[in-house]
Amino acid sequence: MTHPNRRPLIAGNWKMHKTVSESVALARAIADTSRIGPRTDVVVAPVFTALSAVKTALEGTPVALSAQNLHWEAQGAFTGEVSAAMLVDVGCRYVIIGHSERRQYFGETDDGVAKKTRAARGAGLVPIVCVGETLSEREAGITFDVIGRQLDAMLAVLDESALATTVVAYEPVWAIGTGKTAKSSDAQLAHAFLRDRAKNKFGDAGDALRILYGGSVKADNAAELLAQPDIDGALVGGASLDAEGFGRIIRAAG
Ligand code: PGA
């Protein structure tokens, strides 16, 4: 039986898209059209500049707010950065950490991801920590080494009680924004591997960890992915920018 903590979670990562007014319109449309079931958690992650306005637009709806990044320090001389407490202050409940675009274009490391995870949890945010192999890593047969290493870095800063309020997103890098989705059976293998690793470290508490799949999730492939026993939801990029399509993904989650 699936652990009761693992309600389906559908998160929309809007990346560097949308002005404030466009973000508010999209947030309203998602909250209106999605017919979110009581068992599904829905999260949207706008750009920093739109967080405050989107928070207001989501008042009274079941959709929660996430940021796309944070800095691990509480405050200080870190030009261009935003802290966990500042995200809480603006109304975020979640924060995406270690997205492959951050790792690839902004030099984020496992060590930085671990520090960010610790800072997010310290402020009461739910971290959505991304792991995933590149195409060349997959072809070299080292997928599990890579995602195991990425997961370990983040598990190292958690204790057993944290697993129920921490989320992992398995996002094969070659599937992000490419229209190529992992086969649901391959995704399931990776998710089961990640869960086993968490259970090896923390015992049965690992069953509470929610593991999302990300990488070209669309309305027409979501149901099959979400039906896999260790896939607890989706982190959606491109398809989350369209309220209708995102609503269909939410409904596929139950
Ligand atoms: P995509 O992005 O759905 O556009 O592939 C997913 C992600 O980067 O989180």
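The values are calculated or read from the model by the stated rules, or taken from the named source; none is laboratory data. As the structure is a computational prediction, the values presented were derived from the model and not from experiment. Cβ sites come from the backbone with ideal geometry, for glycine too, and all protein chains shown count toward neighbours. For accessibility, only protein heavy atoms count, side chains too; no ligands or nucleic acids. Shrake-Rupley method; radii C 1.70, N 1.55, O 1.52, S 1.80 Å.
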Per 0.36 nm of contour for each residue apart, how much would the distance between THR109 and GLU73 grow if the chain were fully extended, relative to their Cα-Cα spacing? 11.4 nm
Area accessible to solvent at HIS17, 1.4 Å probe radius, in Å²: 90 Å²
Whole angstrom only: what separates the Cα centroid of the range 67-91 from the Cα centroid of the range 163-187? 26 Å
What FRET efficiency do you get for ALA29 and VAL90 if R0 is 25 Å and r is their Cβ-Cβ distance, rounded to the nearest 0.05? 0.75
Simple SL model, points at 7 angstrom along Cα→Cβ for SER136 and ASP196; separation in nm is 2.8 nm
Average accessible surface area per residue within the chain, 1.4 Å rolling probe, Å²: 44 Å²
Lysine pairs in the range 80-237 8 or more apart or on different chains: how many have alpha carbons under 21 angstrom apart? 4
For the chain, calculated [θ]222 nm from helices alone, where every DSSP H run of n ≥ 4 adds -39500 (n - 2.57): -11500 deg cm²/dmol
Short version: ³J(HN,Hα) in whole Hz for each residue of the range 138-151, in order, from phi by Karplus 6.51 cos²θ - 1.76 cosθ + 1.60 (θ = phi - 60°), x for Gly and Pro, what are they? 5, 5, 7, x, 10, 3, 6, 4, 5, 6, x, 5, 5, 5
Put LYS115, LYS15 in order of accessible area, largest first, 1.4 Å probe: what do you get? LYS115, LYS15
Counting only C-alpha contacts under 8 Å and six or more residues apart, can you give the relative contact order of the range 178-217 as a whole percent? 59 percent
Taking θ = phi - 60°, what integer Hz values does the Karplus form 6.51 cos²θ - 1.76 cosθ + 1.60 yield along the range 107-121, in sequence order, with x for Gly and Pro? x, 6, 10, 4, 5, x, 4, 5, 5, 5, 4, 5, 5, 4, 5
Using 0.36 nm times the number of residues separating THR165 and THR178, minus their current alpha carbon distance, what extension gain do you get? 1.7 nm
For the chain, build the convex hull from the C-alpha positions and give me its volume per residue in Å³. 115 Å³
Give the calculated FRET efficiency between PHE48 and MET1 to the nearest 0.05, with a Förster radius of 51 Å applied to their Cβ-Cβ distance. 0.80
With each label point set 7 Å from Cα along the Cα-Cβ vector, what nm distance links ALA227 and VAL20? 4.5 nm
Taking θ as phi - 60°, what are the ³J(HN,Hα) couplings along the range 8-20 by the Karplus curve (6.51, -1.76, 1.60), each to the nearest whole Hz, with x for Gly and Pro? x, 10, 10, 10, x, 9, 7, 6, 8, 10, 5, 6, 4
Using 17 Å as the cut-off for backbone N distance, which residues of the range 215-240 belong to the label zone defined by a point 7 Å from the Cα of LEU189 along Cα→Cβ? 225, 228-231
Pop out the carbon and sulfur fraction of the accessible area of the chain as a percent, whole number, probe 1.4 Å. 52 percent
Collect residues whose amide H, placed 1.01 Å from N in the peptide plane, falls under 5 Å from the amide H of ILE96; neighbours closer than 5 in sequence don't count. ALA67, GLN68, ASN69, ILE128
With an 8 Å cut-off on Cα pairs and a minimum separation of 6 or more residues, tell me the relative contact order of the chain in percent. 23 percent
Amide H to amide H, which residues 5 or more places from ARG210 or on other chains are under 5 Å from it, using H placed in the peptide plane? THR166, VAL168
Can you list residues whose amide H is under 5 Å from SER83's amide H, if they're 5+ apart or on another chain and H is modeled 1.01 Å from N? HIS71
